[in-house]
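One structure below.
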Amino acid sequence: MEIDKLEQLRKTVVRGAQEIYSKGLVEDGEGNVSVRVNKNEILVTPTSTKYLLLNPDLIVHMDLDGNIIGSGRIPSTEVKMHLAVYKDRPKVKCVIHNHSSYVSMLSILRKNIPIIMEQQLIFLGGLIQCTEITEAHTEEMGLSALKALGRNNAAILANHGAIICGKSLDHAVRFSVILEKLAKVYWGALQIGEPHVIPQENLEEHEKMFNSLFACYPKRLRVKRKTGRD
Ligand SMILES: [Zn+2]
């Protein structure tokens, strides 16, 4: 049963990786996709992924301390960032890292994306933050990514790309597409004027939807709202 589940999850990683490739969010050799197997283990794409040649046998099984389980390929050193997210956020079932073009452009400018569209709050959680610059492939980059994620499902990595997480692979793929779309729209709007941000008072219902359907931040970050009774 456990072996069947693992095999199924290997196929899930391949599907997710090929989806982000077909949507133009990564080129061969860049980006990575992982899914959680259980509390302490994940499956992740191998280093230098050739997306169309990927198959379940090439997917790497490892624990959250970074040890590879069984034989097979090695993961990208960027997996440290994935591990940091899984360790900090028990609800996260999938992490995607990509170098999509518009997010990468904003990452070079170290720009956050203010709340410019309603779907941003519903699916991603709000204002998208860019990290401080850190050395790629380090644990520090993972910590910096977590800080920028805050309660959100996506963040921009300074001079690098994007990190996205979700409660399922389908969520994380969808959020990756939405993030790139938002970055493109924001970039375009900046070319012709000063973008208007959506006022906070218009967003309460969207925030509720985010929290009930898509949020995967840890309990300690839950915001206690005043009910009027306390
Ligand atoms: Zn990268």
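A 18 angstrom limit on the alpha carbon distance is what I want to check against. Which of 50/93; 23/184; 39/87; 147/181 exceed it?
Violating the 18 Å limit, Cα to Cα: 50/93; 147/181.
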Ratio of segment 2-219's C-alpha Rg to 2.2 N^0.38 Å, to two decimals? 0.98
Distance in Å, no decimals, from the C-alpha centre of segment 81-124 to the one of segment 14-76 is 18
For the chain, size of Cβ-based charge dipole, Lys and Arg +1, Asp and Glu -1, in debye: 740
For every other residue with a beta carbon closer than 13 angstrom to the beta carbon of residue 50, add +1 if it is Lys or Arg and -1 if Asp or Glu, then tell me the sum. -2
Given springs between every Cα pair under 10 Å in a Gaussian network model of the chain, which of 192, 178, 128 has the largest fluctuation? 192
Environment charge at residue 112 (Cβ cut-off 14 Å; Lys +1, Arg +1, Asp -1, Glu -1): +2
Ellipticity estimate at 222 nm from DSSP helix runs (n ≥ 4, -39,500 (n - 2.57)) divided over the chain, nearest 500: -11500 deg cm²/dmol
Roughly how tilted is helix 139-149, in degrees to the nearest 10 and between 0 and 90, from the longest Cα axis of the chain? 40
Using +1 at the Cβ of each Lys and Arg and -1 at the Cβ of each Asp and Glu in the chain, identify which of 203, 76, 178 lies farthest towards the dipole's positive end. 203
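If you stretched the chain out fully between residue 135 and residue 220, how much longer would it get, using 0.36 nm times the residue separation minus the C-alpha to C-alpha distance?
27.8 nm
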For segment 113-230, rounded, prolate or oblate, judged on the Cα gyration tensor with a ≥ b ≥ c (square roots of eigenvalues), a/c < 1.5 rounded, else prolate if a/b > b/c? oblate
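Each reported figure results from applying straightforward, stated rules to the coordinates on display, with no laboratory input. As the structure is a prediction and not an experimental result, all values here were calculated from the model. Note that each Cβ is placed from the backbone with ideal geometry, even for glycine, and that neighbours are counted across all protein chains shown.
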